[in-house]
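For reference, the structure is listed below as structure tokens.
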Amino acid sequence: MTSAASSVDIRRADDRAKTQIAWLDSKHSFSFGSHYEPENTHHGLLLVNNDDVVKPGAGFDTHPHRDMEIVTWVMRGSLVHQDSTGHSGVIYPGLAQRMSAGKGILHSEKNDSWTLTGQQSHSDPVHFVQMWVVPDESAITPGYQQLEIDDELLQGRLVPIASGMPEHRDAAAITIHNRYAALHGARLQPGQSVELPEAPYLHLFVPRGEVALEGAGPLHEGDAVRFTATGGQRITATEPSEILVWEMHASLAAA
């Protein structure tokens with residue numbers, strides 16, 4: 001793989017493409033659906049970083065996917081997942097979820113947890129981040145995994161949420177089918193800081209709160225940073241915050 005020049009590319013929340021309809025407020029860090037930008041299709045192995053808010057009783061009806069590792073991280077509320085392999089469940093904050101589309105899968109995602117729990121319907125929106133990375137092998141058997149990440153682990157330090165990297169096999173993380181990628185997360189109180197890993201490609205996203213990036217200044221909710229051939233910078237919270245960091249040791253072309 002050819003070494004890339006070092007760069008830190010800050011992408012502001014308001015510059016993202018948006019899909020806003022009656023039941024959905026979705027903001028796209030990369031080209032998605034009808035929002036196609038040829039110069040903004042991916043960073044490293046990450047193709048999708050969607051910041052979604054879905055109203056109660058609504059959501060994404062059954063639709064297909066293929067050859068994609070789809071990781072969902074709920075910030076607030078709950079999301080019901082159902083798929084053609086027979087998996088169904090409610091995803092909530094702190095529960096990491098991965099769906100491997102493999103050779104083909106159908107699934108739906110809706111804000112209607114009462115249909116599974118038997119409880120009364122609610123009026124709370126669900127806020128979640130959905131991220132797609134390519135697998136390092138095509139046409140695998142579709143699969144599903146979820147794992148509750150201990151809240152204590154996330155407090156004040158960066159921990160793996162989803163990973164295919166060999167060094168994370170014993171970590172508290174769900175697995176993804178790409179040995180070159182890992183998703184880390186942290187919940188930070190004001191003044192707490194973490195250090196970014198060093199990798200050929202990093203993607204930092206701030207889904208909640210405000211942090212300061214060493215050498216670059218403040219990052220607000222919805223801001224993202226694409227790092228190339230760098231790392232080691234410190235992220236410090238200036239208010240209660242949450243961050244998601246993809247560490248990637250290959251690019252899409254070289255995967």
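At-a-glance table
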{"read-out": "Sole exception among (1) modelled with pLDDT under 95; (2) in a strand (DSSP E or B) for Q119, by number", "value": "(2)"}
{"read-out": "Count of residues meeting criterion [modelled with pLDDT under 95 and either open to solvent by 30 Å² or more (accessible area, probe 1.4 Å) or of a type in the set (D, E, K, R) (or both)] in the range 231-255", "value": "4"}
{"read-out": "Meets criteria (under 15 Å from the mean Cα position of the chain (by Cα) and within 28 Å of Y201 (Cβ to Cβ)) for S138", "value": "no"}
{"read-out": "Hits in the range 189-216 (condition: aliphatic (A, V, I, L, M) and more than 13 Å from I10 (Cβ to Cβ))", "value": "V194, L196, A199"}
{"read-out": "Positions within the range 133-159 being of a type outside the set (A, V, I, L, M) and over 19 Å from T72 (Cβ atoms), in sequence order", "value": "D136, E137, S138, T141, E152, Q155, G156, R157"}
{"read-out": "Condition met for I21 (of a type in the set (V, I, T), within 30 Å of G215 (Cα to Cα) and at pLDDT 95 or above)", "value": "no"}
{"read-out": "Unique match (being aliphatic (A, V, I, L, M) and open to solvent by 30 Å² or more (accessible area, probe 1.4 Å)) among L196, L183, L116", "value": "L116"}
{"read-out": "Options D124, D223, D150; residue that is within 18 Å of the chain's Cα centre (by Cα) and open to solvent by 10 Å² or more (accessible area, probe 1.4 Å)", "value": "D150"}
{"read-out": "Search result, residues across the range 205-220 that are within 23 Å of W132 (Cα to Cα) and buried (at least 23 other Cβ atoms within 10 Å of the Cβ)", "value": "F205, V206, L219"}
{"read-out": "Tally of residues being touching an Asp or Glu at 6+ places or on another chain (Cβ under 7 Å) and either free of Cβ contacts under 8 Å to residues at least 12 places away in the same chain or farther than 24 Å from N178 by Cα (or both) across the range 222-255", "value": "6"}
{"read-out": "Wholly within the range 170-255, strands (runs of 3 or more DSSP E) carrying at least 3 residues that are within 23 Å of A5 (Cβ to Cβ)", "value": "198-208, 224-231, 241-248"}
{"read-out": "Residues of the range 46-85 that turn out to be open to solvent by less than 40 Å² (accessible area, probe 1.4 Å), outside any strand (DSSP E or B) and within 15 Å of D25 (Cβ to Cβ), as a count", "value": "2"}
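The values are calculated or read from the model by the stated rules, or taken from the named source; none is laboratory data. Source: prediction; values computed, not measured. Don't worry about glycine lacking a Cβ; one is built from the backbone with ideal geometry, like all the others, and counts go over all protein chains shown. We work out accessible area using only protein heavy atoms, side chains counted, and drop any ligands, DNA or RNA first. Shrake-Rupley method; radii C 1.70, N 1.55, O 1.52, S 1.80 Å.
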